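Okay, structure first, notes after.
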Amino acid sequence: MEAWRRALDEPVSTFPIVKAGPAHVATLKTFDPPLSALEGRRLAGAERRAKRLLFPTEDGELVVLVHLMTAGRLRYLQFGERGPKTPAFRLVFEGGSQLVLTEAGAKKRAGVWLLTPEEADQELAHLGPEALRVGARRLAEICAAESRRLHSMLRDQRVIAGIGRAWANEILHHAQLSPYELTRDVTARQVEQLADAIDAELLRGLELRERGANDKRTYRVHDKLGQPCYVCGTPIARVDFEEHTIYYCPECQTGGRVLKDRRISRLLR
């Protein structure tokens, strides 16, 4: 998200909006004010809060909030550059450039909201502190207040904002911690390892994304089932859940123990 924010910040503020929309009925989450209220206004740039991108208008009256979820993609197209025929959302700028949102797959989960600044603040009020540079002290307080597995905690935007499923896998591998480790059981040293891993992995990902790296080149553990761990060479294992998958190294993270996949176990009964 931060790489997208940096890439979009200058382009979206260059020209005023001449046409807002159309938007897919499942993508646009608000109706008042209408998208047409953006026409004639200029965006002040791109901002980010957790995994959401925000585009405030230069006059300070409106904010376009975008949540890409898992499959959403946001692109800035120069005049004449080919884009999707029917994007989920589109802004057309003076001169013909466009900001377009697309989403892979049949499920339309990405969302666009047009809000006042006050409404935007309310929409984001539930989010926890930003993950990058959260620090060991704050992270220790969070772990002490929770009673759950580390992977679940890292993905909860209400607790720590900005870490998704893939980066939870990368971070826990870097920290050499089991995704099933309970927050209340982590030691002070392990909290420090986790805080350091959050910063190291998010900064590594940001640098690679800014250089144009795709998922395959960016992730070293996530979606690497059976491939050798980049640290010890042990094949990467996984645990499947309905909405997400945990990838981990049994040697680096769980002391050689393969985590039980309850979903598969039920199928084999």
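The values are calculated or read from the model by the stated rules, or taken from the named source; none is laboratory data. Values in this document were obtained by computation on a predicted structure and should not be read as measured data. Please note: Cβ atoms are built from the backbone with ideal geometry, for glycine as well, and neighbour counts cover all protein chains shown. SASA here: full protein model, heavy atoms, side chains in, ligands and nucleic acids out. Shrake-Rupley method; radii C 1.70, N 1.55, O 1.52, S 1.80 Å.
Toward the positive end of the charge dipole of the chain, with +1 on the Cβ of Lys and Arg and -1 on the Cβ of Asp and Glu, the farthest Cα among THR218, PRO11, LEU53 is that of THR218. For the chain, the antiparallel share of DSSP beta bridges with both residues in that region comes to about 95%. Given contacts defined as C-alpha pairs under 8 Å and at least six residues apart, what's the relative contact order of segment 1-63, whole-number percent? Relative contact order here is 37 percent. Counting only protein heavy atoms and a 1.4 Å probe, the chain has 52 square angstrom of accessible area per residue. Taking 17 Å as the straight-line reach from the Cα of LYS216, the aspartates and glutamates in range (excluding those fewer than 8 positions away in the same chain) are GLU170, GLU201, GLU207. Report, ordered by chain and residue number, the lysines lying within cross-link reach of LYS29, taken as a straight Cα distance under 30 Å and ignoring same-chain residues fewer than 8 apart. In chain and number order, the partners are LYS19, LYS51, LYS85, LYS107, LYS108.
Dipole orientation for segment 163-219: of the candidates VAL186, LEU208, ILE198, LEU208 has the Cα lying most toward the positive pole (charges on Cβ; Lys, Arg +1; Asp, Glu -1). Tally up the carbon and sulfur contribution to the accessible surface of the chain as a whole percent, 1.4 Å probe, everything protein left in place. Its accessible area is 49 percent carbon and sulfur atoms.
Shape analysis of segment 13-63 based on the Cα gyration tensor places the equivalent ellipsoid semi-axes at 17, 16, 10 Å, largest first. Pairs of Cα atoms nearer than 8 Å and 6+ residues apart set the relative contact order; for the chain it is 14 percent. Mean residue ellipticity, 222 nm, helices only, the chain: the sum of -39500 (n - 2.57) across DSSP H runs of n ≥ 4, divided by residue count and rounded to 500, is -8500 deg cm²/dmol.
Run through segment 83-134 and list the trypsin sites (Lys or Arg not before Pro) located in a DSSP loop whose Cβ has at most 10 other Cβ atoms within 10 Å.
LYS85
Rounded to the nearest 20, the size of the Cβ-charge dipole of segment 7-97 about its Cα centre is 520 debye, with Lys and Arg at +1 and Asp and Glu at -1.
Going toward the positive end of the dipole of the chain, with +1 on Lys and Arg Cβ and -1 on Asp and Glu Cβ, which of GLY40, ALA145, GLY95 do you reach last? Going by the Cα projections, it comes out as ALA145.
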